[in-house]
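The values are calculated or read from the model by the stated rules, or taken from the named source; none is laboratory data. Just so it is clear, the structure is predicted and the values come from calculations on it, not from any experiment. Counting neighbours? That spans all protein chains shown, and the Cβs are built from the backbone with ideal geometry, glycine included. Please note that ligands, DNA and RNA were not included when accessible areas were found on the heavy atoms of the full protein model with its side chains. Shrake-Rupley method; radii C 1.70, N 1.55, O 1.52, S 1.80 Å.
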Amino acid sequence: MTAAPQLSLARFTVALKSDIDFASWRDAARRLVLNGARPEDVAWTVDPVRAAELAASLPAIPAGAVLNVPRSFVERAEAVFCHSDPARFGFLYQLLWRLTRKPELMQIASDPEVRRFEAMDKAVRRDIHKMRAFVRFRRIKDGSGEHYVAWFEPDHFILERNAEFFVRRFTGMHWAILIPYASATWDGETLAFGPGASRASAPREDDAEELWKTYFRSIFNPARLKVKAMQAEMPRKYWRNLPEATLIPGMIAGADQAAREMIARTPTQAPTRHEKIQARHWKREETDRGDGADAATITALREAAKGCRRCPLWRDATQTVFGEGPDSAKWIFVGEQPGDQEDLAGKPFVGPAGRVFDSILDDAEIDRTKVYVTNAVKHFKFEPRGKRRIHSKPNAGEIQACRWWLDRELDLIKPDLVVALGATAAQSLLGKSVPVTKHRGEVIEREDGLRVFITIHPSYILRIRDPDDKQAERERFLADMRKVRKLAAH
Amino acid sequence: MAALSTREKLAILSDAAKYDASCASSGTDRRDSVKSRGIGSTEGIGICHAYAPDGRCISLLKILLTNFCIYDCSYCINRSSSNTRRARFTTEEVVRLTIEFYKRNYIEGLFLSSGVVRSPDETMSEMVEVARRLREEENFAGYIHLKTIPECASDLLEKAGKYADRLSINIELPTDEGVKRFAPEKRPETIRLSMASLRQKMEEKSEPTLKTKKRQRFAPGGQSTQVIVGADSTSDDGILRTSSRLYGSYQLRRVYYSAFSPIPDASSALPLKRPPLMREHRLYQADWLMRFYGFLQPEILAGTPDGMLDLDIDPKLSWALRNRGRFPVDVNRAHREDLLRVPGLGTRAVTRILDTRPHARLRLADVGRICRSIATVRPFIVAADWSPGCLLDAERLRQKLAPPPRQLSLL
């Protein structure tokens with residue numbers, strides 16, 4: 001079948017007051033799209049003289065018609081509007097037209113027009129960013145005080161959109177930014193826009209420039225010359241307005257020579273000052289702390305354990321987390337190993353499990369300051385997962401290596417009773433793995449007569465999700481602790 | 001010795017700072033000078049105001065307060081046995097330079113480091129004083145990064161965190177053995193403890209206080225560190241292992257990799273050759289894989305003979321070629337995590353693919369419009385009208401995707 005030839009609808013011409021007159025575009029676009037004006041039937045121009053006349057000729061919004069487009073589109077369209085491409089007015093209208101028919105259009109990143117929209121948005125944002133980076137103010141001093149003036153040449157119509165940034169940043173200064181199509185001035189109170197300017201209307205020099213060039217020259221490392229990387233971020237088109245850029249060709253030309261000289265300069269004799277500094281500051285005390293075999297007190301043992309290299313766990317941990325409590329304690333509680341918080345603080349049982357442990361000891365009327373608390377393994381073992389450290393269980397070798405310290409702690413303190421919190425502690429204390437759930441609440445006597453009470457590790461309570469189960473487990477652990485108190489009171 | 005002018009000092013003390021790679025001015029809180037009528041603002045993203053011909057941006061005035069130093073770290077131009085010219089800024093000079101440069105929009109702020117004179121506390125308190133004057137007397141709201149000195153007192157760290165946006169402590173060498181060998185006076189234990197204490201302070205201050213319900217300000221830009229690459233023989237896997245530990249343990253925002261650069265009057269303990277810039281670049285890419293692409297550190301180099309990153313191709317492509325069994329990935333169905341593993345698809349491209357999927361089935365040309373280069377992506381994906389067939393098995397896939405060999409420089 002043959003389609004009826006489309007009647008030529010009214011063609012519209014929209015004149016904007018200026019290249020940045022988004023408000024007029026938005027008003028016209030709304031009227032047109034709600035009247036069904038097709039993109040190819042609308043012509044867009046910038047014409048301040050005819051703007052008012054042509055605006056009056058646009059159709060009114062039909063009664064009850066509402067335009068729904070995502071807010072994000074309007075915001076980004078405003079940015080794209082600053083692009084210097086003269087076709088942008090029509091292009092944005094075309095997108096708006098399609099959006100009214102396909103509301104999800106902006107999510108379809110594979111659509112060529114959406115890609116173009118994003119590319120234009122990106123170009124404008126980049127231009128805005130580069131203006132923030134490459135504007136260089138020069139100071140003028142006159143009777144009315146200090147003024148800072150900059151000349152800049154952006155690619156797009158971004159001055160108005162970017163001026164607030166300079167207000168936020170340089171509130172306490174009086175400044176002006178001159179660009180070819182407009183200018184912005186801030187007198188400390190008000191931001192005003194004026195006509196365009198020329199490079200000649202900005203100051204030629206500034207007394208800080210010599211210092212800045214000195215810095216630019218000195219911070220450059222000639223051994224790392226990477227001209228392409230520099231130009232990718234600071235394209236040549238910006239160079240003419242950057243005072244430091246005049247140095248670049250010379251720096252590049254001299255880099256090779258400078259780098260060779262740096263490498264060739266052979267090590268020289270140390271200045272005499274060096275000897276004096278060494279003698280004065282680094283009279284090195286013997287750092288060898290020994291292996292703790294002859295430590296007569298817990299304090300001395302703790303000191304020796306700081307440098308422990310008995311197993312590789314020290315490599316990743318922050319520090320050795322040694323036992324804590326009085327030398328004369330009657331009871332020793334042995335946990336598994338320090339966790340994230342303990343590793344940072346250098347103290348045992350200060351993390352979440354430690355807090356549970358403290359509160360239960362409190363309920364059982366055991367004074368934590370009178371007991372000695374330590375771990376079977378004294379360095380934190382973990383796997384880094386992004387920004388977190390996931391606890392991993394010490395293996396038999398690590399437990400075995402660390403028994404050296406635990407045995408000495410037991411020797412020095414000579415407790416009446418040791419409480420093994422969890423399987424790792426039991427394994428370390430008894431020299432073999434023991435099923436904790438089976439022997440929980442029992443006392444196992446070692447060959448040397450030391451009594452070891454078996455229970456779970458308080459972190460187990462933390463891991464229970466169900467509140468009732470959690471409470472029940474807490475009660476069981478509390479009962480264990482009460483038993484401990486009775487056992488030691490015999 | 002005649003007194004040096006500010007300009008002479010600036011030349012010496014910025015030259016002395018040029019080996020430090022960290023200079024970012026991003027990731028802090030937002031603030032401006034509208035209320036205070038002072039100068040300065042930060043908006044979350046940093047601005048690079050200039051680029052030196054070494055390709056590195058200049059976003060901060062990076063200087064040393066002084067290059068006198070009692071330490072003798074062999075990789076450092078300022079070590080006490082070096083014959084470099086020495087200078088020392090006054091607090092006033094650093095404040096003036098920062099303000100004058102900032103007002104002309106040359107910089108985003110100050111990155112102040114220092115050699116250690118007399119004692120760590122004395123040097124640190126001078127650095128803190130510079131930051132205090134900028135904030136309290138000059139109403140300066142720009143970015144401040146202070147390099148803290150590991151051995152300094154805790155209350156100085158507290159003050160540093162109050163005025164600075166970011167604090168950093170350089171570990172310099174990836175292993176404790178390396179530190180012992182090249183920086184005999186430094187103690188790796190102390191560096192770890194300092195980082196741990198910074199993390200604790202940051203976490204403590206991020207809790208709202210009971211009285212005012214406001215969070216106290218403490219280094220909102222977090223902490224960072226720098227590792228020198230190529231001064232000792234640690235492999236890339238070893239370096240990344242250290243980074244991964246540091247990110248996890250101390251919540252570092254950034255680990256900077258600085259290719260060891262020959263320094264004038266160098267100690268004979270060090271390699272005197274051009275810095276391994278490509279290796280440094282690959283390490284940054286690998287670091288990105290851990291932080292933004294969900295790679296675990298051990299995966300990145302698993303299956304390589306020497307634990308070194310490939311210099312010819314980027315680490316993700318290199319990983320994909322070693323793990324071809326995990327490909328192709330279907331762009332119309334795969335999970336985000338799997339899409340992120342496709343060479344040539346960045347985080348943005350992946351987000352765009354996921355946004356598009358509910359509305360349209362993606363063909364190869366669609367993916368081509370979304371990603372930067374379809375040539376790299378093509379062998380690793382399935383699309384509505386595309387399957388790589390035996391492309392993925394091709395022996396020559398690596399050759400196809402790697403850049404053509406270049407003649408090596410004679411230097």
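Dividing the convex hull volume of the Cα atoms of region B:262-376 by its residue count, what figure in Å³ per residue is obtained?
So the per-residue hull volume is 132 Å³.
Mind checking which lysines have their Cα closer than 20 Å to the Cα of A:LYS370? Skip sequence neighbours fewer than 8 apart in that chain.
Partners within reach: A:LYS330, A:LYS347, A:LYS414, A:LYS483, A:LYS486.
Quick one: compute a quarter of the convex hull surface over the Cα atoms of chain A and quote it in nm². Before the final figure, lay out the partial values.
Values: hull surface 184.4 nm².
Averaged projected area of chain A's Cα convex hull equals 46.1 nm².
Computing the accessible area with a 1.4 Å probe over protein heavy atoms, can you report the carbon and sulfur percentage for the protein assembly as shown? Walk me through the intermediate numbers first.
On the way: 21120 of 40990 Å².
Here it works out to 52 percent.
Percent antiparallel among DSSP beta bridges with both residues in the protein assembly as shown, to the nearest 5?
40 percent
Extension gain A:LYS470-A:ILE252, at 0.36 nm per residue separation less the Cα-Cα distance, in nm?
Stretched out fully, the A:LYS470 to A:ILE252 stretch lengthens by 71.6 nm.
Work out, step by step, the length gained on full extension between B:ARG348 and B:LYS211: first 0.36 nm times the residue separation, then minus their alpha carbon distance; give nm to one decimal. Write down the numbers at each step before the final one.
Details: separation 137, 0.36 × 137 = 49.32 nm, distance 4.22 nm.
My answer for the length gained is 45.1 nm.
Please identify which residues in region A:415-432 have an amide N closer than 11 Å to a label point set 7 Å out from the Cα of A:ARG451, following the Cα→Cβ vector.
A:416-418
Could you check the simple spin-label distance between B:LEU296 and B:ARG30, using points 7 Å along Cα→Cβ, in nm with one decimal?
3.8 nm
Given a 1.4 Å probe, show me the residues in region B:271-297 buried by at least 20 Å² of accessible surface when comparing the whole protein assembly to the chain alone.
The answer is B:LEU272, B:ARG274, B:PRO275, B:LEU277, B:GLU280, B:LEU296.
Could you tally the net charge around B:ARG324, taking each other residue with its Cβ under 11 Å from the Cβ of B:ARG324, Lys/Arg +1 and Asp/Glu -1?
Local charge sum for B:ARG324: +2.
Counting only protein heavy atoms and rolling a 1.4 Å probe, how much accessible area do A and B lose on contact, total for both sides, in Å² to 100?
Numbers: alone 28730 and 20840 Å², together 40990 Å².
It comes to approximately 8600 Å² buried between A and B.
If you roll a 1.4 Å probe over the heavy atoms of the protein chains, what accessible area per residue do you get for region A:423-470, in Å²?
57 Å²
Is region A:395-451 best put as rounded, prolate or oblate by its Cα gyration tensor, with a ≥ b ≥ c the root eigenvalues, rounded for a/c under 1.5, and otherwise prolate when a/b is larger than b/c, oblate when not?
Working: a/c = 2.03, a/b = 1.08, b/c = 1.88.
Here region A:395-451 falls in the oblate category.
Could you tell me how many degrees, from 0 to 90 and to the nearest 10, lie between the Cα long axis of helix A:248-264 and the main elongation axis, the longest principal axis, of the Cα atoms of chain A?
Relative to chain A, helix A:248-264 is tipped by roughly 30 degrees.
If you project the alpha carbons of the protein assembly as shown onto their three principal axes, what span does each projection cover, largest first, in Å?
For the protein assembly as shown, the Cα spread along each principal axis is 106, 86, 65 Å.
To the nearest 10 degrees, how steeply does helix A:22-34 sit against the main Cα axis of chain A, on a 0 to 90 scale?
With rounding to tens, the tilt is 80 degrees.
As an exercise, identify the GluC sites (Glu not before Pro) in region A:94-180 lying in DSSP coil whose Cβ has no more than 15 other Cβ atoms within 10 Å. Present the calculation step by step, with values, prior to reporting the outcome.
Numbers: sites: A:GLU104, A:GLU113, A:GLU118, A:GLU146, A:GLU160, A:GLU164; in loops: A:GLU104.
Those that pass, being in a loop and sparsely packed, are A:GLU104.
How big, on average over all directions, is the shadow cast by the Cα convex hull of chain B, in nm²?
Averaged projected area of chain B's Cα convex hull equals 24.1 nm².
Quick check: from the Cα gyration tensor, does region A:15-70 come out rounded (a/c under 1.5), prolate or oblate?
prolate
Give the long-range amide H neighbours of A:LEU417: residues separated by 5 or more places, or on another chain, with amide H under 5 Å away, using H modelled in the peptide plane at 1.01 Å from N.
Under 5 Å from the amide H of A:LEU417 lie the amide H atoms of A:ILE332, each far enough along the sequence or on another chain.
Using 1/(1 + (r/R0)^6) with R0 = 22 angstrom and r between the beta carbons of A:LYS330 and A:LYS432, what's the FRET efficiency to the nearest 0.05?
0.30
If I take every Cα pair under 8 Å that is 6 or more residues apart in region B:1-155, average their sequence separation and divide by the length, what percent do I get for the relative contact order?
Reported as a whole number, the value is 27 percent.
Using DSSP to define loop residues, name the trypsin sites (Lys or Arg not before Pro) in region B:1-98 whose beta-carbon has at most 15 other beta-carbon atoms within 10 Å.
Hits after loop and neighbour filter: B:LYS35, B:ARG37, B:ARG85.
Inside 10 Å of the C-beta atoms of A:382-391, what's the mean count of C-beta atoms belonging to other chains?
Whole-number average of other-chain Cβ neighbours for A:382-391 is 5.
Taking accessible area as the heavy-atom solvent-accessible surface of the protein chains with a 1.4 Å probe, which residues of region A:256-282 lose no less than 40 Å² upon going from the isolated chain to the full protein assembly?
Flagged in region A:256-282: A:MET262, A:ILE263, A:ARG265, A:PRO267, A:THR268, A:PRO271, A:ARG273, A:HIS274, A:ILE277, A:HIS281, A:TRP282.
Could you give the length gained on full extension between B:ASP155 and B:GLU129, defined as 0.36 nm per residue of separation minus the Cα-Cα distance, in nm?
8.0 nm
When chain B is treated as a GNM, springs tying every alpha-carbon pair under 10 Å, which of B:PRO184, B:PRO305, B:PRO276 comes out with the largest mean-square fluctuation?
B:PRO305
In terms of solvent-accessible area of protein heavy atoms at a 1.4 angstrom probe, what is the ranking of A:GLU303, B:GLU207, A:GLU342, highest value first?
Details: A:GLU303 85, B:GLU207 115, A:GLU342 20 Å².
I get B:GLU207, A:GLU303, A:GLU342, largest accessible area first.
If the reach is capped at under 23 angstrom between alpha carbons, list the lysines near B:LYS400, excluding any in the same chain fewer than eight residues apart.
B:LYS316
Quick check: pseudo-label points 7 Å beyond the Cα along Cα→Cβ at A:GLN231 and A:ALA60, how many nm apart are they?
So the label points at A:GLN231 and A:ALA60 sit 6.0 nm apart.
Rounded to the nearest 5, what % of DSSP beta bridges with both residues in chain A are antiparallel?
On the way: 22 of 44 bridges.
Expressed as a percentage, antiparallel bridges in chain A total about 50.
Where a ≥ b ≥ c are the square roots of the eigenvalues of the C-alpha gyration tensor, would you call region A:211-324 rounded, which needs a/c under 1.5, or, failing that, prolate if a/b is larger than b/c, or oblate? Present the calculation step by step, with values, prior to reporting the outcome.
Numbers: a/c = 3.84, a/b = 2.34, b/c = 1.64.
Here region A:211-324 falls in the prolate category.
Taking the 0 to 90 degree range and rounding to the nearest ten, how far is the long axis of helix A:352-363 tilted relative to the main principal axis of chain A, both from C-alpha atoms?
50 degrees
Considering Cα pairs under 8 angstrom that are at least six residues apart, work out the relative contact order of chain A and quote it in whole percent. Walk me through the numbers on the way to the answer.
On the way: 649 pairs, mean separation 38.5, N = 490.
This gives 8 percent for chain A.
At a threshold of 8 angstrom on Cα-Cα distance, excluding pairs fewer than six apart, so keeping six or more, what relative contact order does chain B reach in percent?
12 percent
Within the set A:LYS470/B:LYS205; A:LYS237/B:LYS62; A:LYS130/A:LYS237, which residue pairs have Cα atoms separated by over 21 Å?
On the way: A:LYS470/B:LYS205 31 Å; A:LYS237/B:LYS62 26 Å; A:LYS130/A:LYS237 11 Å.
Exceeds cut-off: A:LYS470/B:LYS205; A:LYS237/B:LYS62.
Given the pairs B:LYS18/B:LYS186; A:LYS226/B:LYS162; A:LYS438/B:LYS201, which span a C-alpha to C-alpha distance of over 32 angstrom in this model?
Checking Cα-Cα distances, A:LYS226/B:LYS162; A:LYS438/B:LYS201 exceed 32 Å.
Mind checking the alpha-carbon convex hull of region B:189-241 and giving the volume per residue in Å³?
Details: hull volume 5.2 nm³, N = 53.
Convex hull volume per residue, Cα atoms: 99 Å³.
Can you give the direction-averaged projected area of the convex hull of the alpha-carbon atoms in region A:420-490, in nm²?
4.9 nm²
What percent antiparallel are the DSSP beta bridges of region A:6-153, to the nearest 5?
On the way: 5 of 10 bridges.
Here the share of antiparallel DSSP bridges comes out near 50 percent.
So which aspartates and glutamates pass the test for A:LYS17, namely a Cα distance under 13 Å, with those fewer than 8 places away in the same chain ruled out?
A:ASP27, A:ASP47, A:GLU53
If I model a spin label as a point 7 Å beyond the Cα along the Cα-Cβ vector, how far apart are those points for B:ASP355 and A:THR190 in nm?
A separation of 4.0 nm, rounded to one decimal place.
Counting only heavy atoms of the protein chains, get the accessible area per residue of region A:104-169 (1.4 Å probe) and round it to a whole Å² value.
Per residue, region A:104-169 has 37 Å² of solvent-accessible surface.
Using the alpha carbon gyration tensor of region B:21-91, what are the three equivalent-ellipsoid semi-axes (square root of 5 times each eigenvalue), largest first, in whole Å?
Each semi-axis is √(5λ); the values are 32, 17, 11 Å.
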